[in-house]
Structure formats: C-alpha cells, structure tokens
1. Counting only residues 5 or more places away or on other chains, whose amide H sits under 5 Å from the amide H of C189 once H atoms are built in the peptide plane?
2. Considering the dipole of region 7-276 built from charges on the beta carbon (Lys and Arg +1, Asp and Glu -1) around the Cα centre, which of V233, T217, A172 is farthest to its positive end?
3. Out of residues 5 or more away from A163 or on other chains, whose amide H comes under 5 Å of its own, with H placed 1.01 Å from N in the peptide plane?
4. Looking at the chain, what % of its DSSP beta bridges pair antiparallel, to the nearest 5?
5. Using a cut-off of 9 Å between beta-carbons, work out the net charge of the residues near R74 (Lys and Arg +1, Asp and Glu -1, R74 not included).
6. So how do 106-119, 198-211 stack up, highest first, on mean other-Cβ count within 10 Å?
7. Among residues other than A241 whose Cβ falls under 10 Å from its Cβ, what is the net charge (Lys/Arg +1, Asp/Glu -1)?
8. How do L51, L192 rank when sorted from fewest to most other Cβ atoms within 10 Å of their own Cβ?
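The numbers here are math on the coordinates, done by the rules we state, and not lab data. Quick caveat, the model's predicted, so the values are computed rather than measured. Positions of Cβ are backbone-derived with ideal geometry, glycine not excepted, and every protein chain shown enters the neighbour counts.
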Amino acid sequence: MTKRTTPESIRAAADAFRGRYQPGRVRGLLVAGSGLSLEVPGWEADEVIELAEVFDFQTHELMGHSQTVTLWRRGGETLMVMNGRFHLYQGYRPEEVVAPVRLAGLLGAEVFIATNASGALDPEMAPGSLVVVSDHINLQGSNPLVGDWGRDFGPPFPDMSVAYDPELRRLALEAAADAGFDAREGVYCAMLGPSFETPAEIRMLISVGGTVVGMSTVPEVIAARQMGIRVCVLSLAANPAAGLVDRELTHAEVMDEGRKAADRFRVMLGNLVSKVFI
C-alpha cells in the first residue's frame, strides 16, 4: 500500500534533507519545465539528488523531465533547482505535486521561479515566444490546500489577487529582453491533461482571457503563496494550441521547442537570478 504524504512527513523530509546535505541558507527554488534545463551562472553546481531519496512516495518517469534536484551553492547559500517536476496527470496527488515547494519553503526559500512549456492561445504568437505569467485560471479540478494542508503551512484561504510578484515580473521581462526573447505578460490556463485540449476547449480559454495553456505549475504557485514565497513563472509558448493550426500536436514538438530555446533560457535565467539573488 502506498504511504500517504502528510504535513508531518514533509517536515521530516525537510529535517532529513537539512541534516544530510547541509544546504545552509536556501535562497530559492527553480523548476524546469518540459524539455527545459536550467543553469545558474555565478553559483556552483554541487549535489544532484534523486527525489526518490527525499520523498516517501513513488516517483514516475516522464520524457523531458529528470526526477532530480541540483543544489547550486554560493558561499553559505543554496539554490535548489528541480530538473523536472511532478504533474497531476501522472497520477500524483496534489500534496505530492507540491512537495518540492513545501520542502524548499521549510528550508527557508523566499522565491520560487518556475518555467514551463505551454500552448499559445494567440495565433499570432510565434513558437519560442515567452510569457511572463501575471495571473492564472485553475481548471485542473483540484487544489493542494484541501484538507490538512490548508491548516498547516499558512493561512487556509491565502489571497491570490497578486499571486505573481510584480517586481519579479518586471525583472523577468528585462531579463527576457536582454536574452532576445519576444516576451509579454499574460494569463496561464492550467488544465489537467495529459491529452491536449480540444479546439472547443481552446475557444473557451481564449474567450475567458487566457494567453497560454498548460498542465502544470498552478498547484506549485498556490502552495508557494500559502507559505509566503514570492512567485515568478516563465511560460515558453512551444506550439500553437489545438484548432489554431491544421496539424496534430505532439509532446515531442513541445520538447523540441524547449531544446531550441535552451541557450536563450540559460542566458535569461542567469540574468534573472543575478537580479533577484543579490
């Protein structure tokens, strides 16, 4: 029988992590999306840790994601960089999806920077464009604060009116421009997946003000905001959404666009990290 993740087990995981890896002052958590890899100039990559060794739930393989976290160190400070993420559509429970955010928050992280690959809801948005997320629409049918989690890590009803930190968004737009991205702010629509959306669903998302659509990130943002962690999300528009082009959508296309943008993403993240973690 699978062991259920509880607030107590996450706290135990944080205590064990602190004792084993001596992270010192954890400044923030960065998360890589599908086909994306992150580097942190000015910081030195140290341990690469299997998440299966950190958490007591079963992890699942997914193309384009490594279930590891790299500790990047600078003096007595650490940045935790997830080389992939957990998704609801893989069968993870909401509390498992956000476990890395909880862990980082308990270790002292004050900033959460996430990247993801998404579908563009604007037919004029070219593949490889970048959206600095300013708001989201949660259509995944779940929330990581349900039950004990809404009482244990912060307020049970956290304000989400400014979930995406305005100052971090400003810095991200500057960093994107410096790296040569066509960037804008916009709304991320989170669907459960793993099937891509139908053309009718895409028309609905456009009608309610969505800019891009994906299958991740929002549970992590909700958990981070409950814990008082500042949030910045960068969404790479990897492909046009269903019904906007006359061809089939594939996960391979998403990963390919991530690989094409990898060098610019590394430059951008380096710029952003240097602005945020002074």
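1. Excluding prolines and chain starts, which carry no amide H, the hits are I137, T211, V212, V213, G214.
2. About the Cα centre, the residue reaching furthest to the positive side is A172.
3. none
4. Roughly 35 percent of the DSSP beta bridges within the chain come out antiparallel.
5. 0
6. Highest to lowest by the protection proxy: 106-119, 198-211.
7. Taking every Cβ under 10 Å from that of A241, the sum is -2.
8. Ordered from fewest to most neighbouring Cβ atoms within 10 Å, L51, L192 come out as L192, L51.
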